[in-house]
Amino acid sequence: MSILEIADLTKDYGDFLLDKVSFSIPQGAIMGLIGENGAGKTTTINIILNEIAKDGGTVSIFEKDHIQCETEIKNAVGVVFDDSPLPDLYTAVEIEKVFSCIYSAWEHRAFEQYIKKFELPVSKPIKNFPRGMKVKLCFAIALSHNSQLLILDEATSGLDPIMRDEIMDILLDFVQDENHSILFSSHITNDLEKIADYITFIHKGKILFSKTKDELIYHYGIIHCGAACFDSLDKSEIIAYRKQDYEWQVLVADKDTAQKKYKNCVVDNATLDDIMLFYVKGEKQ
């Protein structure tokens with residue numbers, strides 16, 4: 001069962017088109033959504049949450065239509081954006097009073113535990129919180145009403161590496177329950193390499209691929225070679241290539257085969273950043 005499934009999602013702004021975006025997230029899985037700024041990540045998330053209207057396509061959450069069952073669905077979805085929408089004059093205690101009325105499954109004890117874990121002040125107005133502290137409070141809220149799906153949009157960008165690592169552990173614990181899933185849009189690809197099960201890459205409003213993270217990290221590779229070696233490569237194996245001074249860099253989907261086949265070339269592992277760069281900036285055959 002897919003906890004989130006979107007098919008042929010379309011939104012036309014005139015100068016930007018979200019073009020038939022489709023992907024799904026199985027139960028118990030973390031999907032990393034990557035792409036450069038303006039690629040359509042936030043637009044996709046806002047349509048999923050019915051914050052903006054789609055022009056076409058379908059969104060199903062918990063096997064239910066995201067508009068027809070919006071109230072029921074949102075009661076079981078935790079959301080954290082990169083900027084805090086919380087009222088500045090409220091304290092954490094006052095915020096809990098608000099959200100405990102919004103969510104039918106609000107858990108006071110869980111919220112209290114996260115407040116302590118994140119070392120958040122309970123009586124200080126949110127306007128006096130630094131950015132990272134606001135993000136922590138949003139995580140505390142998202143995790144305190146029995147959410148089954150977390151939707152995170154650049155949610156860890158304001159956190160230091162130590163706090164980000166702690167959040168990664170919390171997210172991994174969250175999906176130990178196989179009824180839970182996470183959609184995690186982030187430009188911090190190191191975080192996604194640590195915890196994601198799947199990676200969906202969106203570029204200029206189109207999905208370029210949606211694959212398991214292991215396939216990308218453990219199988220994709222970069223061939224480093226000179227012009228003669230480049231000319232000898234099987235062009236059907238090339239995803240994209242870049243010319244750097246006197247060296248050719250070539251992204252391939254099977255690094256082990258490349259190492260065996262092209263013994264005079266150096267073949268390195270490819271990171272998510274590398275893969276994004278080749279897809280966006282590289283040349284195609």
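The values are calculated or read from the model by the stated rules, or taken from the named source; none is laboratory data. The structure presented is a predicted model; accordingly, all values stated were derived computationally and were not measured. Here the Cβ is made from the backbone with ideal geometry for all residues, glycine too, and neighbour counts use every protein chain on show.
Among residues of region 263-285 that are within 21 Å of CYS229 (Cβ to Cβ), those with a beta-carbon under 6 Å from a residue that is aromatic (Phe, Trp, Tyr) at least six positions away or on a different chain give the pairs ALA270/TYR220; GLY282/TYR241; GLU283/TYR241. Considering only residues in region 235-285 that are touching a strand residue (DSSP E or B) at 6+ places or on another chain (Cβ under 9 Å), outside any helix (DSSP H, G or I) and acidic (Asp, Glu), the one that is farthest from GLY32 (Cα to Cα) turns out to be GLU247. Where helices (runs of 4 or more DSSP H) fall wholly inside region 63-121, the ranges with 3 or more residues that are basic (Lys, Arg) are 108-117. Working carefully through the options PHE118, PHE129, find the one that is under 13 Å from TYR90 (Cα atoms), in contact with a Leu (Cβ under 8 Å, 6 or more places away or on another chain) and either modelled with pLDDT of 95 or more or aromatic (Phe, Trp, Tyr) (or both). Just one listed residue meets the conditions, PHE129.
Just the residues that are of a type in the set (Phe, Trp, Tyr) and either surrounded by fewer than 17 Cβ atoms within 10 Å (Cβ to Cβ) or out of contact with any helix residue (DSSP H, G or I) (no Cβ under 7 Å at 6 or more places or on another chain) (or both), please, taken from region 196-210.
Step one: of region 196-210, the residues of a type in the set (Phe, Trp, Tyr) are 198, 201, 209.
Scanning region 196-210 gives a single hit, PHE209.
Residues considered: LEU183, LEU159. Of these, the only one that is surrounded by 23 or more Cβ atoms within 10 Å (Cβ to Cβ), outside any helix (DSSP H, G or I) and either in contact with a Gly (Cβ under 8 Å, 6 or more places away or on another chain) or aliphatic (A, V, I, L, M) (or both) is LEU183. Would a scan of region 248-260 turn up a residue that is surrounded by 17 or more Cβ atoms within 10 Å (Cβ to Cβ), over 24 Å from the mean Cα position of the chain (by Cα) and aromatic (Phe, Trp, Tyr)? Within region 248-260 (the criterion being surrounded by 17 or more Cβ atoms within 10 Å (Cβ to Cβ), over 24 Å from the mean Cα position of the chain (by Cα) and aromatic (Phe, Trp, Tyr)), the answer is yes, since at least one residue qualifies. Taken as a whole, the structure leaves ILE202 outside the set of residues that are aliphatic (A, V, I, L, M) and either at pLDDT below 95 or in a helix (DSSP H, G or I) (or both).
Go over the candidates ASP177, ASP153 one by one and state the one that is out of contact with any Gly (no Cβ under 6 Å at 6 or more places or on another chain) and surrounded by 21 or more Cβ atoms within 10 Å (Cβ to Cβ).
Details: ASP177 fails: surrounded by 21 or more Cβ atoms within 10 Å (Cβ to Cβ).
Of the residues listed, the single one that is out of contact with any Gly (no Cβ under 6 Å at 6 or more places or on another chain) and surrounded by 21 or more Cβ atoms within 10 Å (Cβ to Cβ) is ASP153.
Determine whether region 212-221 contains at least one residue that is among the β-branched types (Val, Ile, Thr), over 13 Å from ALA29 (Cα atoms) and in a helix (DSSP H, G or I). The answer is yes; a qualifying residue exists. Listed conditions (1) farther than 29 Å from LYS281 by Cα; (2) surrounded by fewer than 21 Cβ atoms within 10 Å (Cβ to Cβ); (3) touching a residue at least 60 places away in the same chain (Cβ under 8 Å); (4) not β-branched (Val, Ile, Thr) are all met by GLU193, apart from (1).
Within region 126-150, being free of Cβ contacts under 8 Å to residues at least 60 places away in the same chain and in contact with a helix residue (DSSP H, G or I) (Cβ under 9 Å, 6 or more places away or on another chain) holds for ILE126, PHE129, GLY132, MET133, LYS134, VAL135, LYS136, LEU137, PHE139, ALA140, SER144. Total residues in region 218-234 satisfying the condition of being surrounded by fewer than 17 Cβ atoms within 10 Å (Cβ to Cβ) and under 15 Å from ALA270 (Cα atoms): the figure is 2. When SER22, SER60, SER104, SER84 are screened for being modelled with pLDDT under 95, surrounded by 14 or more Cβ atoms within 10 Å (Cβ to Cβ) and either touching a His at 6+ places or on another chain (Cβ under 8 Å) or among the polar types (S, T, N, Q) (or both), only SER84 passes.
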